[in-house]
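A.B. asks: After the C-alpha coordinates below, expect a handful of questions from me.
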Amino acid sequence: MANNIADNANGSSPHYPRETYPSGNQTGKKTTAGISVVHPEQVSSLMVLPNELLVKISNNLSFVDVRSLALTNKRLMTLFNTEEKLKKLAIRYYDSAFEAYRKIIKNRDVPAVPGNKIHDRLLRLAYYRFVSNQYFADLGSKAWRTCVAVLRGHKWGVNSVTALANGLLASGADDRAVKLWDLGRSGRRKCVVTLIGHTERVNSVTLLPDGRLASCSDDGTVKVWDLSKPDGQQCVATLYGHSGWVQSVTVLPDGRLASCSVDQTIKVWDLGQRCVTTLYGHTGWVESVTVLPGGRLASCAHDGTVKVWDLGKPDGQQCVATLRGHAGWVVSVTVLADGRLASCSSFDNTVKVWDLGKPDGQQCVATLNGHTGIVLSVTQLPDGRLASCSGPGDLSVRVWDLSKPDGQQCVAILKGHSACVTSVTALPDGGLASCSLDQTIRVWRLNKPEEKRRRVTPHGKHNRLKSAQTGGRLDSCSPPTKKKRIR
(Lines give C-alpha, C1' and ligand atoms only; values in the text may rest on other atoms or scores of the structure.)
Protein backbone atom coordinates (compact mmCIF):
# COMPACT_ATOMS: atom_id res chain seq x y z
CA MET A 1 0.00 0.00 0.00
CA ALA A 2 2.86 2.40 0.73
CA ASN A 3 4.09 1.91 -2.81
CA ASN A 4 0.66 2.41 -4.32
CA ILE A 5 0.46 5.67 -2.44
CA ALA A 6 3.90 6.64 -3.68
CA ASP A 7 2.83 6.02 -7.26
CA ASN A 8 -0.36 7.97 -6.77
CA ALA A 9 1.37 10.88 -5.08
CA ASN A 10 3.87 11.14 -7.94
CA GLY A 11 1.00 11.75 -10.31
CA SER A 12 1.22 8.54 -12.34
CA SER A 13 -1.56 6.00 -12.70
CA PRO A 14 -1.80 3.99 -9.48
CA HIS A 15 -1.06 0.28 -9.62
CA TYR A 16 -3.33 -1.76 -7.37
CA PRO A 17 -1.82 -5.10 -6.33
CA ARG A 18 -4.13 -7.94 -5.45
CA GLU A 19 -2.30 -8.78 -2.23
CA THR A 20 -3.71 -7.77 1.12
CA TYR A 21 -2.32 -4.76 2.94
CA PRO A 22 1.31 -5.10 4.03
CA SER A 23 1.84 -6.14 7.60
CA GLY A 24 4.85 -6.15 9.86
CA ASN A 25 5.12 -9.94 10.15
CA GLN A 26 5.93 -10.80 6.54
CA THR A 27 9.12 -12.83 6.18
CA GLY A 28 10.94 -14.80 3.54
CA LYS A 29 13.59 -14.29 0.91
CA LYS A 30 11.25 -14.23 -2.03
CA THR A 31 8.31 -12.06 -2.90
CA THR A 32 4.77 -13.33 -3.22
CA ALA A 33 5.35 -13.44 -6.98
CA GLY A 34 8.41 -15.69 -6.49
CA ILE A 35 10.91 -12.96 -7.35
CA SER A 36 14.26 -13.15 -5.58
CA VAL A 37 15.02 -10.46 -3.06
CA VAL A 38 17.46 -7.76 -4.19
CA HIS A 39 20.49 -7.81 -1.88
CA PRO A 40 21.91 -4.57 -0.45
CA GLU A 41 25.12 -4.86 -2.51
CA GLN A 42 23.00 -4.64 -5.66
CA VAL A 43 21.27 -1.47 -4.61
CA SER A 44 23.80 0.79 -6.34
CA SER A 45 22.62 -0.45 -9.74
CA LEU A 46 19.08 0.51 -8.81
CA MET A 47 20.06 4.08 -8.08
CA VAL A 48 20.41 4.92 -11.76
CA LEU A 49 16.71 4.17 -12.29
CA PRO A 50 14.08 6.93 -12.18
CA ASN A 51 11.77 7.15 -9.18
CA GLU A 52 8.71 6.04 -11.14
CA LEU A 53 10.40 2.78 -12.18
CA LEU A 54 11.72 2.13 -8.67
CA VAL A 55 8.22 2.48 -7.30
CA LYS A 56 6.86 0.00 -9.85
CA ILE A 57 9.63 -2.47 -8.97
CA SER A 58 8.80 -2.09 -5.30
CA ASN A 59 5.18 -3.06 -6.04
CA ASN A 60 6.40 -6.62 -6.63
CA LEU A 61 8.35 -6.84 -3.39
CA SER A 62 7.12 -7.77 0.05
CA PHE A 63 6.80 -5.07 2.68
CA VAL A 64 9.85 -6.43 4.54
CA ASP A 65 11.95 -6.40 1.34
CA VAL A 66 11.00 -2.82 0.55
CA ARG A 67 11.82 -1.75 4.08
CA SER A 68 15.21 -3.50 3.91
CA LEU A 69 16.03 -1.79 0.62
CA ALA A 70 14.97 1.58 1.97
CA LEU A 71 17.36 1.26 4.92
CA THR A 72 20.35 0.89 2.58
CA ASN A 73 20.06 4.29 0.93
CA LYS A 74 18.69 7.70 1.89
CA ARG A 75 17.05 8.21 -1.49
CA LEU A 76 15.27 4.87 -1.32
CA MET A 77 14.31 5.52 2.28
CA THR A 78 12.53 8.69 1.20
CA LEU A 79 11.04 7.11 -1.90
CA PHE A 80 9.60 4.08 -0.10
CA ASN A 81 8.64 5.90 3.09
CA THR A 82 4.91 5.60 3.64
CA GLU A 83 4.75 8.62 5.92
CA GLU A 84 6.50 10.84 3.37
CA LYS A 85 4.13 9.65 0.65
CA LEU A 86 1.13 10.33 2.87
CA LYS A 87 2.40 13.84 3.59
CA LYS A 88 2.47 14.58 -0.14
CA LEU A 89 -0.93 12.99 -0.57
CA ALA A 90 -2.40 14.99 2.32
CA ILE A 91 -1.09 18.24 0.83
CA ARG A 92 -2.64 17.36 -2.49
CA TYR A 93 -5.96 16.36 -0.91
CA TYR A 94 -6.38 19.23 1.55
CA ASP A 95 -4.29 22.05 0.07
CA SER A 96 -5.51 25.31 1.61
CA ALA A 97 -7.72 23.38 4.05
CA PHE A 98 -4.72 21.51 5.50
CA GLU A 99 -4.71 23.34 8.84
CA ALA A 100 -8.51 23.55 8.94
CA TYR A 101 -8.71 19.78 8.73
CA ARG A 102 -6.13 19.40 11.47
CA LYS A 103 -8.46 21.35 13.76
CA ILE A 104 -11.55 19.44 12.65
CA ILE A 105 -10.08 16.02 13.38
CA LYS A 106 -7.91 16.89 16.40
CA ASN A 107 -10.31 15.08 18.75
CA ARG A 108 -11.39 12.40 16.31
CA ASP A 109 -10.07 8.84 16.51
CA VAL A 110 -8.90 7.83 13.06
CA PRO A 111 -7.93 4.16 12.42
CA ALA A 112 -4.24 3.32 12.31
CA VAL A 113 -2.48 2.76 9.00
CA PRO A 114 -1.88 -1.01 8.76
CA GLY A 115 1.75 -1.95 9.37
CA ASN A 116 2.85 1.61 10.14
CA LYS A 117 3.22 3.65 13.30
CA ILE A 118 1.87 6.89 11.88
CA HIS A 119 0.45 9.09 14.64
CA ASP A 120 -0.60 12.07 12.54
CA ARG A 121 -4.39 11.86 12.23
CA LEU A 122 -4.43 13.88 9.01
CA LEU A 123 -2.05 11.44 7.36
CA ARG A 124 -4.26 8.58 8.50
CA LEU A 125 -7.27 10.37 7.05
CA ALA A 126 -5.45 10.79 3.73
CA TYR A 127 -4.60 7.08 3.75
CA TYR A 128 -8.22 6.01 4.17
CA ARG A 129 -9.37 8.47 1.53
CA PHE A 130 -6.88 6.86 -0.86
CA VAL A 131 -8.02 3.38 0.20
CA SER A 132 -11.67 4.28 -0.42
CA ASN A 133 -10.91 5.59 -3.91
CA GLN A 134 -9.02 2.38 -4.63
CA TYR A 135 -11.91 0.30 -3.30
CA PHE A 136 -14.36 1.99 -5.66
CA ALA A 137 -11.95 1.64 -8.57
CA ASP A 138 -11.75 -2.09 -7.90
CA LEU A 139 -15.54 -2.42 -7.62
CA GLY A 140 -16.25 -0.52 -10.82
CA SER A 141 -19.91 -0.86 -11.78
CA LYS A 142 -20.53 -3.09 -8.76
CA ALA A 143 -20.32 -0.15 -6.35
CA TRP A 144 -23.94 -0.85 -5.40
CA ARG A 145 -22.55 -3.63 -3.22
CA THR A 146 -21.46 -1.00 -0.73
CA CYS A 147 -25.07 -0.59 0.43
CA VAL A 148 -25.09 -2.26 3.85
CA ALA A 149 -28.58 -1.40 5.10
CA VAL A 150 -32.01 -0.39 3.81
CA LEU A 151 -34.22 1.29 6.43
CA ARG A 152 -37.97 0.99 5.96
CA GLY A 153 -40.66 2.57 8.08
CA HIS A 154 -41.83 5.80 6.50
CA LYS A 155 -45.17 5.44 4.72
CA TRP A 156 -44.41 7.97 1.98
CA GLY A 157 -41.33 9.46 0.34
CA VAL A 158 -38.42 10.49 2.56
CA ASN A 159 -37.16 14.04 2.03
CA SER A 160 -34.28 14.48 4.44
CA VAL A 161 -31.79 12.50 6.48
CA THR A 162 -29.12 13.72 8.87
CA ALA A 163 -26.61 12.02 11.16
CA LEU A 164 -26.93 12.42 14.92
CA ALA A 165 -24.68 11.09 17.70
CA ASN A 166 -24.06 7.51 18.80
CA GLY A 167 -25.08 5.82 15.57
CA LEU A 168 -28.45 7.53 15.20
CA LEU A 169 -30.06 9.00 12.09
CA ALA A 170 -32.99 11.40 11.84
CA SER A 171 -35.28 11.56 8.83
CA GLY A 172 -38.30 13.55 7.70
CA ALA A 173 -40.87 12.49 5.15
CA ASP A 174 -44.07 13.17 3.23
CA ASP A 175 -45.93 11.16 5.90
CA ARG A 176 -45.46 14.21 8.20
CA ALA A 177 -43.28 12.26 10.60
CA VAL A 178 -39.75 12.68 11.92
CA LYS A 179 -38.14 9.33 12.67
CA LEU A 180 -34.97 8.36 14.53
CA TRP A 181 -33.09 5.24 13.46
CA ASP A 182 -30.54 3.21 15.42
CA LEU A 183 -27.56 2.11 13.31
CA GLY A 184 -25.77 0.84 16.41
CA ARG A 185 -24.10 -2.33 17.49
CA SER A 186 -27.13 -4.62 17.40
CA GLY A 187 -27.19 -4.53 13.62
CA ARG A 188 -30.99 -4.39 13.66
CA ARG A 189 -31.00 -0.85 12.31
CA LYS A 190 -34.54 -0.06 13.38
CA CYS A 191 -36.73 2.99 13.97
CA VAL A 192 -36.59 3.83 17.68
CA VAL A 193 -38.61 7.08 17.83
CA THR A 194 -41.38 8.60 15.72
CA LEU A 195 -42.18 12.29 16.27
CA ILE A 196 -45.67 13.38 15.25
CA GLY A 197 -46.76 17.02 15.15
CA HIS A 198 -46.33 18.50 11.70
CA THR A 199 -49.51 18.65 9.63
CA GLU A 200 -47.78 18.53 6.23
CA ARG A 201 -44.68 16.93 4.81
CA VAL A 202 -41.36 17.38 6.65
CA ASN A 203 -38.62 18.90 4.50
CA SER A 204 -35.57 19.12 6.77
CA VAL A 205 -34.30 17.95 10.16
CA THR A 206 -31.23 19.22 12.01
CA LEU A 207 -29.51 18.58 15.35
CA LEU A 208 -29.23 21.35 17.95
CA PRO A 209 -26.17 21.74 20.22
CA ASP A 210 -28.16 20.70 23.31
CA GLY A 211 -29.26 17.43 21.71
CA ARG A 212 -32.71 18.55 20.70
CA LEU A 213 -33.92 18.47 17.08
CA ALA A 214 -35.42 21.10 14.81
CA SER A 215 -37.56 20.30 11.79
CA CYS A 216 -39.44 22.30 9.19
CA SER A 217 -42.44 21.52 7.06
CA ASP A 218 -44.89 22.44 4.34
CA ASP A 219 -47.20 23.47 7.19
CA GLY A 220 -45.16 26.71 7.34
CA THR A 221 -43.62 26.01 10.75
CA VAL A 222 -40.34 25.11 12.41
CA LYS A 223 -40.68 22.73 15.35
CA VAL A 224 -38.21 22.00 18.16
CA TRP A 225 -38.23 18.52 19.70
CA ASP A 226 -36.92 17.37 23.08
CA LEU A 227 -36.33 13.63 22.93
CA SER A 228 -36.13 13.36 26.72
CA LYS A 229 -39.85 14.13 27.01
CA PRO A 230 -42.57 11.44 27.06
CA ASP A 231 -44.27 10.41 23.82
CA GLY A 232 -46.67 13.07 22.65
CA GLN A 233 -44.84 15.81 24.57
CA GLN A 234 -41.56 15.96 22.63
CA CYS A 235 -42.57 19.04 20.62
CA VAL A 236 -41.52 21.91 22.92
CA ALA A 237 -41.75 24.83 20.47
CA THR A 238 -43.46 25.73 17.21
CA LEU A 239 -42.14 28.77 15.32
CA TYR A 240 -44.64 30.64 13.16
CA GLY A 241 -43.75 33.43 10.75
CA HIS A 242 -43.16 32.11 7.25
CA SER A 243 -46.04 32.51 4.81
CA GLY A 244 -45.21 29.39 2.79
CA TRP A 245 -43.57 25.97 2.90
CA VAL A 246 -40.39 25.97 5.00
CA GLN A 247 -37.67 24.17 3.08
CA SER A 248 -34.61 24.11 5.34
CA VAL A 249 -33.56 24.84 8.91
CA THR A 250 -30.10 25.14 10.41
CA VAL A 251 -28.55 26.23 13.72
CA LEU A 252 -26.24 29.21 14.30
CA PRO A 253 -23.18 29.03 16.59
CA ASP A 254 -25.04 30.97 19.30
CA GLY A 255 -27.94 28.50 19.29
CA ARG A 256 -30.34 30.60 17.22
CA LEU A 257 -32.09 29.00 14.25
CA ALA A 258 -32.25 30.07 10.63
CA SER A 259 -34.91 28.84 8.23
CA CYS A 260 -35.83 29.50 4.62
CA SER A 261 -39.04 29.26 2.68
CA VAL A 262 -40.85 29.43 -0.64
CA ASP A 263 -41.95 32.89 0.58
CA GLN A 264 -38.49 33.97 -0.70
CA THR A 265 -37.17 34.88 2.74
CA ILE A 266 -34.73 33.62 5.37
CA LYS A 267 -35.71 34.08 9.00
CA VAL A 268 -33.54 34.02 12.12
CA TRP A 269 -35.16 32.90 15.37
CA ASP A 270 -33.83 33.67 18.84
CA LEU A 271 -33.86 31.36 21.85
CA GLY A 272 -37.13 32.92 22.94
CA GLN A 273 -38.71 31.53 19.78
CA ARG A 274 -39.16 34.97 18.19
CA CYS A 275 -38.24 35.91 14.64
CA VAL A 276 -35.56 38.57 15.12
CA THR A 277 -34.38 39.01 11.52
CA THR A 278 -35.90 38.50 8.08
CA LEU A 279 -33.52 38.51 5.12
CA TYR A 280 -34.88 39.70 1.78
CA GLY A 281 -33.07 39.49 -1.53
CA HIS A 282 -33.88 36.25 -3.30
CA THR A 283 -36.48 36.46 -6.05
CA GLY A 284 -37.45 32.79 -6.01
CA TRP A 285 -38.19 30.02 -3.52
CA VAL A 286 -35.32 29.75 -1.04
CA GLU A 287 -34.44 26.06 -0.86
CA SER A 288 -31.47 25.75 1.51
CA VAL A 289 -29.65 27.72 4.20
CA THR A 290 -26.40 26.85 5.95
CA VAL A 291 -23.97 28.47 8.40
CA LEU A 292 -20.53 29.73 7.37
CA PRO A 293 -17.51 30.38 9.60
CA GLY A 294 -17.98 33.53 11.66
CA GLY A 295 -21.73 33.08 11.86
CA ARG A 296 -22.53 34.25 8.35
CA LEU A 297 -25.17 32.42 6.32
CA ALA A 298 -25.31 31.07 2.79
CA SER A 299 -28.56 30.37 0.98
CA CYS A 300 -29.68 29.25 -2.46
CA ALA A 301 -32.88 29.66 -4.40
CA HIS A 302 -34.89 29.13 -7.55
CA ASP A 303 -33.59 32.46 -8.81
CA GLY A 304 -30.41 30.58 -9.77
CA THR A 305 -28.18 32.24 -7.16
CA VAL A 306 -26.28 31.48 -3.99
CA LYS A 307 -26.23 34.39 -1.54
CA VAL A 308 -23.99 35.08 1.45
CA TRP A 309 -25.40 37.06 4.39
CA ASP A 310 -23.68 38.94 7.22
CA LEU A 311 -26.10 39.20 10.15
CA GLY A 312 -23.98 41.94 11.71
CA LYS A 313 -24.87 44.37 8.92
CA PRO A 314 -27.85 46.78 9.06
CA ASP A 315 -31.16 45.71 7.56
CA GLY A 316 -31.04 45.82 3.78
CA GLN A 317 -27.27 45.45 3.73
CA GLN A 318 -26.89 41.89 5.03
CA CYS A 319 -26.38 40.34 1.58
CA VAL A 320 -22.63 40.65 1.01
CA ALA A 321 -22.20 38.34 -2.00
CA THR A 322 -24.30 36.87 -4.80
CA LEU A 323 -22.86 33.92 -6.70
CA ARG A 324 -24.12 33.32 -10.22
CA GLY A 325 -23.22 30.40 -12.44
CA HIS A 326 -25.94 27.77 -12.26
CA ALA A 327 -28.33 27.76 -15.20
CA GLY A 328 -31.42 27.52 -13.02
CA TRP A 329 -32.83 26.47 -9.65
CA VAL A 330 -30.18 25.99 -6.95
CA VAL A 331 -31.57 23.60 -4.34
CA SER A 332 -28.75 22.81 -1.89
CA VAL A 333 -25.69 24.61 -0.54
CA THR A 334 -23.10 23.46 1.98
CA VAL A 335 -19.87 24.88 3.39
CA LEU A 336 -16.54 23.08 2.98
CA ALA A 337 -13.77 22.83 5.55
CA ASP A 338 -11.67 25.49 3.81
CA GLY A 339 -14.55 27.98 3.76
CA ARG A 340 -15.50 27.39 0.15
CA LEU A 341 -19.09 26.54 -0.78
CA ALA A 342 -20.60 23.71 -2.79
CA SER A 343 -24.02 23.96 -4.40
CA CYS A 344 -26.13 21.87 -6.72
CA SER A 345 -28.90 22.54 -9.17
CA SER A 346 -32.08 20.75 -10.18
CA PHE A 347 -31.91 22.56 -13.52
CA ASP A 348 -28.40 22.17 -14.95
CA ASN A 349 -27.62 18.80 -13.23
CA THR A 350 -24.29 20.05 -11.83
CA VAL A 351 -22.45 20.57 -8.56
CA LYS A 352 -20.42 23.77 -8.33
CA VAL A 353 -17.68 24.79 -5.91
CA TRP A 354 -17.28 28.47 -5.02
CA ASP A 355 -14.33 30.40 -3.58
CA LEU A 356 -15.56 33.56 -1.86
CA GLY A 357 -12.05 34.98 -1.91
CA LYS A 358 -12.06 35.30 -5.70
CA PRO A 359 -13.21 38.41 -7.59
CA ASP A 360 -16.81 38.66 -8.77
CA GLY A 361 -17.39 36.44 -11.76
CA GLN A 362 -14.48 34.17 -10.86
CA GLN A 363 -15.80 32.58 -7.67
CA CYS A 364 -16.86 29.34 -9.36
CA VAL A 365 -13.66 27.26 -9.23
CA ALA A 366 -15.04 23.83 -10.15
CA THR A 367 -18.05 22.38 -11.92
CA LEU A 368 -18.76 18.69 -11.41
CA ASN A 369 -20.56 17.12 -14.34
CA GLY A 370 -21.79 13.54 -14.36
CA HIS A 371 -25.30 13.36 -12.97
CA THR A 372 -27.82 12.72 -15.74
CA GLY A 373 -30.77 13.94 -13.68
CA ILE A 374 -31.61 16.82 -11.37
CA VAL A 375 -29.17 17.14 -8.46
CA LEU A 376 -30.96 17.64 -5.15
CA SER A 377 -28.39 17.54 -2.33
CA VAL A 378 -24.66 17.95 -1.79
CA THR A 379 -22.60 17.44 1.35
CA GLN A 380 -18.96 17.04 2.36
CA LEU A 381 -17.61 13.76 3.71
CA PRO A 382 -15.35 13.60 6.78
CA ASP A 383 -12.32 12.91 4.54
CA GLY A 384 -12.89 16.00 2.37
CA ARG A 385 -14.60 14.44 -0.61
CA LEU A 386 -18.11 15.47 -1.71
CA ALA A 387 -21.28 13.44 -2.11
CA SER A 388 -24.37 14.37 -4.10
CA CYS A 389 -27.62 12.71 -5.12
CA SER A 390 -30.06 13.02 -7.96
CA GLY A 391 -33.56 12.48 -9.25
CA PRO A 392 -35.29 11.01 -12.33
CA GLY A 393 -32.98 9.94 -15.14
CA ASP A 394 -30.17 9.11 -12.74
CA LEU A 395 -31.31 8.02 -9.23
CA SER A 396 -27.73 7.81 -7.98
CA VAL A 397 -25.48 8.97 -5.18
CA ARG A 398 -22.09 10.11 -6.44
CA VAL A 399 -18.81 10.58 -4.57
CA TRP A 400 -16.42 13.25 -5.87
CA ASP A 401 -12.72 13.82 -5.20
CA LEU A 402 -11.80 17.41 -6.05
CA SER A 403 -8.06 16.59 -6.01
CA LYS A 404 -8.44 14.67 -9.27
CA PRO A 405 -8.27 16.24 -12.76
CA ASP A 406 -11.39 17.61 -14.44
CA GLY A 407 -13.55 14.81 -15.75
CA GLN A 408 -12.12 12.30 -13.27
CA GLN A 409 -13.48 13.70 -10.00
CA CYS A 410 -16.36 11.22 -9.78
CA VAL A 411 -14.87 8.21 -7.99
CA ALA A 412 -18.08 6.29 -7.26
CA ILE A 413 -21.66 5.93 -8.49
CA LEU A 414 -23.94 4.32 -5.92
CA LYS A 415 -27.25 3.01 -7.22
CA GLY A 416 -30.04 1.17 -5.47
CA HIS A 417 -32.87 3.59 -4.87
CA SER A 418 -35.87 3.08 -7.16
CA ALA A 419 -37.10 6.69 -7.07
CA CYS A 420 -35.80 10.24 -6.70
CA VAL A 421 -32.88 10.39 -4.23
CA THR A 422 -33.71 13.48 -2.23
CA SER A 423 -30.93 13.90 0.34
CA VAL A 424 -27.52 12.58 1.33
CA THR A 425 -25.64 12.99 4.60
CA ALA A 426 -22.19 11.99 5.86
CA LEU A 427 -21.90 9.48 8.70
CA PRO A 428 -19.31 9.86 11.47
CA ASP A 429 -17.56 6.62 10.42
CA GLY A 430 -16.93 7.98 6.92
CA GLY A 431 -19.93 6.29 5.32
CA LEU A 432 -23.05 7.79 3.79
CA ALA A 433 -26.80 7.71 4.23
CA SER A 434 -29.26 8.67 1.52
CA CYS A 435 -33.03 8.87 1.38
CA SER A 436 -35.53 8.66 -1.40
CA LEU A 437 -39.12 8.96 -2.55
CA ASP A 438 -39.03 5.14 -2.65
CA GLN A 439 -39.76 5.46 1.11
CA THR A 440 -36.37 4.10 2.17
CA ILE A 441 -33.08 5.25 3.64
CA ARG A 442 -29.91 3.50 2.46
CA VAL A 443 -26.64 3.26 4.35
CA TRP A 444 -23.46 2.99 2.26
CA ARG A 445 -20.02 1.74 3.29
CA LEU A 446 -17.17 3.58 1.55
CA ASN A 447 -14.29 1.27 2.53
CA LYS A 448 -13.69 -2.45 2.28
CA PRO A 449 -15.41 -4.42 5.05
CA GLU A 450 -12.05 -5.38 6.56
CA GLU A 451 -11.19 -1.68 6.80
CA LYS A 452 -13.84 -1.23 9.49
CA ARG A 453 -11.21 -1.83 12.14
CA ARG A 454 -11.14 -0.99 15.82
CA ARG A 455 -10.51 2.70 16.37
CA VAL A 456 -7.23 3.56 18.04
CA THR A 457 -6.75 6.53 20.32
CA PRO A 458 -3.41 8.36 20.45
CA HIS A 459 -2.67 6.34 23.63
CA GLY A 460 -3.34 3.02 21.94
CA LYS A 461 -6.65 2.20 23.56
CA HIS A 462 -9.41 0.90 21.33
CA ASN A 463 -12.59 2.93 21.14
CA ARG A 464 -15.48 3.43 18.81
CA LEU A 465 -15.12 6.38 16.49
CA LYS A 466 -16.62 9.41 18.19
CA SER A 467 -19.63 10.82 16.40
CA ALA A 468 -19.10 13.94 14.35
CA GLN A 469 -22.49 15.56 14.27
CA THR A 470 -23.42 16.96 10.88
CA GLY A 471 -25.91 19.64 10.11
CA GLY A 472 -29.24 19.30 8.35
CA ARG A 473 -28.66 21.10 5.07
CA LEU A 474 -31.11 18.89 3.24
CA ASP A 475 -33.54 19.16 0.38
CA SER A 476 -36.33 17.16 -1.17
CA CYS A 477 -38.23 16.42 -4.33
CA SER A 478 -41.92 15.70 -4.51
CA PRO A 479 -44.02 13.26 -6.48
CA PRO A 480 -46.49 14.99 -8.79
CA THR A 481 -49.66 15.74 -6.83
CA LYS A 482 -52.22 18.48 -7.01
CA LYS A 483 -50.61 20.33 -4.09
CA LYS A 484 -46.94 19.61 -4.37
CA ARG A 485 -44.35 21.18 -6.61
CA ILE A 486 -42.33 19.07 -9.00
CA ARG A 487 -38.58 19.37 -9.32
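The values are calculated or read from the model by the stated rules, or taken from the named source; none is laboratory data. Nothing here was measured: the structure is a model prediction, and the numbers come from that model. With ideal geometry, Cβ positions are generated from the backbone for all residues, glycine too; neighbour counts draw on all protein chains shown. The protein model used for the area step is the full one, side chains on, heavy atoms only, and it has no ligands, DNA or RNA in it. Shrake-Rupley method; radii C 1.70, N 1.55, O 1.52, S 1.80 Å.
A.B. asks: Whenever you get a sec, compute what percent of the accessible area on the stretch 140-271 sits on carbon and sulfur atoms (1.4 Å probe).
C.D. replies: The nonpolar share, carbon plus sulfur, comes to 47 percent.
A.B. asks: Could you work out the mean projected area of the convex hull around the alpha carbons of the stretch 101-153, in square nanometres to one decimal?
C.D. replies: 5.8 nm²
A.B. asks: Another question about this same structure. Using only Cα positions of the stretch 378-440, each an equal point scatterer, no hydration layer, compute I(q)/I(0) via Debye at q = 0.23, 0.24, 0.27, 0.28 Å⁻¹ and quote the log10 values to two decimals.
C.D. replies: At q = 0.23, 0.24, 0.27, 0.28 Å⁻¹ the computed log10 ratios are -0.92, -0.98, -1.13, -1.18.
A.B. asks: Going by average Cβ density within 10 Å per residue, which order do the peptides 383-393, 290-300, 320-330 take, highest to lowest?
C.D. replies: 383-393, 290-300, 320-330
A.B. asks: Right, another one. Where does each of 83-91, 190-198, 128-136 land if you order them by average Cβ count within 10 Å, highest first?
C.D. replies: Put in order of decreasing packing, that is 128-136, 83-91, 190-198.
A.B. asks: With θ taken as phi - 60° and the coefficients 6.51, -1.76 and 1.60, list the Karplus ³J(HN,Hα) couplings across the stretch 413-426 in order, rounded to whole Hz; mark glycine and proline as x.
C.D. replies: 10, 9, 10, x, 5, 9, 8, 2, 8, 8, 7, 9, 9, 7
A.B. asks: Using the 2.2 N^0.38 Å rule of thumb for compact globular proteins, work out how the stretch 168-207 stacks up: its C-alpha Rg over that value, please.
C.D. replies: Here the answer is 1.21, to two decimals.
A.B. asks: What is the mean projected area of the alpha carbon convex hull for the stretch 284-327, to one decimal in square nanometres?
C.D. replies: Computing the convex hull of the Cα atoms and averaging its projections yields 3.2 nm².
A.B. asks: For the stretch 317-360, take the convex hull of the Cα atoms, compute a quarter of its surface area, and give me that in nm², please.
C.D. replies: 3.5 nm²
A.B. asks: HN-Hα J couplings of the stretch 295-309 from phi, Karplus 6.51/-1.76/1.60, θ = phi - 60°, integer Hz, Gly and Pro as x?
C.D. replies: x, 5, 10, 10, 9, 9, 8, 6, 7, x, 10, 10, 10, 10, 10
A.B. asks: In addition: If I take every Cα pair under 8 Å that is 6 or more residues apart in the stretch 291-427, average their sequence separation and divide by the length, what percent do I get for the relative contact order?
C.D. replies: For the stretch 291-427, the relative contact order is 15 percent.
A.B. asks: Can you tell me the length gained on complete extension of the stretch Val148 to Ala327, counting 0.36 nm per residue apart and subtracting the Cα distance?
C.D. replies: Answer, rounded to one decimal: 60.9 nm.
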